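In what follows, a single structure is set out as C-alpha cells and then discussed.
Throughout, read-outs are computed from the coordinates displayed, never taken from laboratory work. Here the structure is a predicted model, which is why all the values come from computation and not from measurement. Because the Cβ atoms are built from the backbone with ideal geometry, glycine has one as well, and the counts that use them run over all protein chains shown.
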Amino acid sequence: MEIVIARDAAAVGELAADAIVAALGRRSEPVLGVATGSSPLTTYRALALRPIEWRTVAAFALDEYVGLPEEHPQSYHRVIDVEVTQRLGLDPGRVHVPNGNAGDLSGECERFERAIRDAGGVDVQILGIGSNGHIGFNEPASSFGSRTRIKTLTPRTRRDNARFFSSPEEVPVHCITQGLGTIMDARRVVLVATGDRKAAAVAAMVEGPVSARVPASILQHHRHATIVVDEAAAEQLAGAEYYRFIQEQKHRLSPADDV
Ligand code: GLP
C-alpha cells in the first residue's frame, strides 16, 4: 500500500486528486468509481479544478440505500448528483448509481455488476472508510469475494450516518453495495480518510491482519491502493515515520513503485 500523510483535509483532497488524475489521464474512455460521505468532498473540489475532459468520464457509485426515495436529499442518487456529477460537470447519462427502489433488488445488483463490466471495469475507485472499517457498505464479516448485493447496515453505521438525517430511525436498514470483490477489481484504488474518528480504522486497515472484522484490510491485497490521510487520521499508524520517509524519497521513483 502507498500511504500518504497530508497536513489537513484540503491537502488530502489535492494529493488524492493528483493520484486520480494521473491514473485517469492514461485512459481514452475513463471510468471513475465514486464514493459518498464527507471524506471525499475535498477530493471532488480539487478534481473540479483539474483539466480533465469530464464529459467523457463514466462514473459508478459504490452503494445506495434501499427504500429511500431518489429525490430524498440523503439518497446517494442525490448526493452523487450534487457533489460529483454537477461539481465535475459529468454527463449525467454516464453516471450510474444502483436503484435502491427497484422491484427486483437482486436483479438490480446483477444489472449493476454487468454495467461496470460492460464499461470495461473501473480505472480508479475513490473510497472513504467507515469508523468500523467498512468500504462502500461492506460491513464487518462481508465476504472478501462478494459482488454487488443487498446488505444490512450495522447499528454503528446507522448511528454514524444519523447526522445526515432528521432522526436516527430515518436511516434505512438495508442498502445495495458493490462487493469487496467488485471493489478489488478496480485497477487503482484511492482511499481518503480524515479526522481522529477514523484513526483506529485506518491503522487496522493498513497495519492490522487482513480480517473480515475490518473489511478495508482486504486492500492490503490490492496491487495499487493509495491511502491518503490527514495527520489526525494517521495518529495510530505505528509506521507513520517510515511512511513519511518514503514520501520524502518518492521523487526518485516512478509513482507505481514502492506500493
Ligand atoms: C458511508 C458510505 C461509505 C463512506 C462512509 C464514511 O457509510 N457508504 O462509502 O466511506 O459513509 O463516511 P464519512 O466520510 O462521512 O465519514
ask   = Which residue, 33, 103, 239, has the most motion in a Gaussian network model of the chain that connects Cα atoms within less than 10 Å?
value = 103
request  = For the range 37-54, just list the computed ³J(HN,Hα) in residue order, Karplus coefficients 6.51, -1.76 and 1.60, θ = phi - 60°, integers in Hz, with x standing in for Gly and Pro.
outcome  = x, 7, 4, x, 4, 5, 5, 5, 4, 5, 4, 4, 8, 8, x, 10, 6, 4
query = Residue separation times 0.36 nm, minus the C-alpha to C-alpha distance between residue 197 and residue 167: what's the value?
reply = 8.7 nm
task = Just subtract the alpha-carbon distance of residue 156 and residue 249 from 0.36 nm times their residue separation and send over the number in nm, one decimal.
result = 29.6 nm
query = In whole percent, what relative contact order does the chain give with Cα contacts below 8 Å and a gap of six or more residues?
reply = 25 percent
request  = Multiply the residue separation of residue 91 and residue 48 by 0.36 nm, subtract the distance between their alpha-carbon atoms, and state the gained length in nm to one decimal.
outcome  = 14.1 nm
task = Compare the peptides 46-52, 143-149, 179-185 by average per-residue count of other Cβ atoms within 10 angstrom and give them in order, highest first.
result = 179-185, 143-149, 46-52
task = Take the alpha carbon gyration tensor of the range 47-119, find the square roots of its eigenvalues, order them as a ≥ b ≥ c, and report rounded if a/c is under 1.5; if not, report prolate when a/b exceeds b/c, else oblate.
result = oblate
key: Relative packing of peptides 78-89, 106-117 - highest average C-beta neighbours within 10 Å first   = 78-89, 106-117
query = At residue 213 and residue 72, where each label point lies 7 Å from the Cα along Cα→Cβ, what is the point-to-point distance in nanometres?
reply = 3.2 nm
task = Evaluate the distance, in nm, between pseudo-label points positioned 7 Å from the Cα of residue 118 and of residue 22 along their respective Cα→Cβ axes.
result = 3.4 nm
remark   = Working note, the range 123-240: Cα radius of gyration (Å, one decimal) and Dmax (Å, whole number) are 13.9, 41
request  = Could you tell me, in Å, what Rg and Dmax come out for the Cα atoms of the range 2-253?
outcome  = 17.0, 54
